[in-house]
1. Counting only residues 5 or more places away or on other chains, whose amide H sits under 5 Å from the amide H of residue 102 once H atoms are built in the peptide plane?
2. Quick one: length gained pulling residue 89 to residue 44 fully straight, 0.36 nm per residue minus the C-alpha distance?
3. Over the chain, what is the relative contact order in percent, taking alpha-carbon pairs closer than 8 angstrom and at least six residues apart?
4. So if I take the centroid of the Cα atoms in the stretch 73-120 and the same for the stretch 28-49, what is the distance between those two points in Å?
5. Using a 1.4 Å probe over the heavy atoms of the protein chains, calculate the carbon and sulfur portion of the accessible area of the chain as a whole percent.
6. For the chain, what is the Kirkwood estimate of the hydrodynamic radius, computed as the reciprocal of the mean inverse distance between distinct Cα atoms, to one decimal in Å?
7. In Å², and per residue, what accessible area does the chain have when probed at 1.4 Å with the other protein chains present?
8. Within 10 Å of each candidate Cβ there may be at most 12 other Cβ atoms; applying that plus a DSSP loop requirement, which trypsin sites (Lys or Arg not before Pro) in the stretch 80-126 survive?
Amino acid sequence: MFSTSEVLGADKSAVPVLKAGQKHWIGEQFYFVYEFDKKPQMGTIIMKVQVFSKDGKQDTSLEITGAADMPSMKGAHSSGEQLFKMNKKGDYLLPVNVVMPGDWEVVLNFSKDKKPIYTGSVRFNV
């Protein structure tokens, strides 16, 4: 199961649950879509985020960082905050090292011109 929740001053219970492949708006100017390169499993999986402007054109002007961890064991398997790398297609990519079965979370931080504009999380179970 995948879910995303905005956490900047929002009541998490009021945020809609999103699935991989769905649009999620970052303010009024941008939205993003995320997916994994394969069904989350033990080992390394790649999280891909694509950012689009409100007119539907792919945008590469944002900086995205991600931190993977197991919420039930905070800090025990934390990747620390890492910068997504951009491929030639303009997709943002982050390797996530899943070291044991259970619930996992990737916290995403989006910045524009070095200013934070959105924080959200994606949860999944292995």
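1. Amide H to amide H, under 5 Å and 5 or more residues apart or across chains, residue 102 pairs with 126.
2. That pair, residue 89 and residue 44, stretches by 14.1 nm at full extension.
3. 28 percent
4. 9 Å
5. Solvent-exposed carbon and sulfur of the chain make up 53 percent of the total.
6. Result for the chain stands at 14.8 Å.
7. 57 Å²
8. Those that pass, being in a loop and sparsely packed, are 88, 89, 114.
The values are calculated or read from the model by the stated rules, or taken from the named source; none is laboratory data. This is a predicted model, so every value here is computed, not measured. Please note: Cβ atoms are built from the backbone with ideal geometry, for glycine as well, and neighbour counts cover all protein chains shown. Just so you know, the surface numbers come from the protein's heavy atoms only, side chains and all, with ligands and any DNA or RNA stripped out. Shrake-Rupley method; radii C 1.70, N 1.55, O 1.52, S 1.80 Å.
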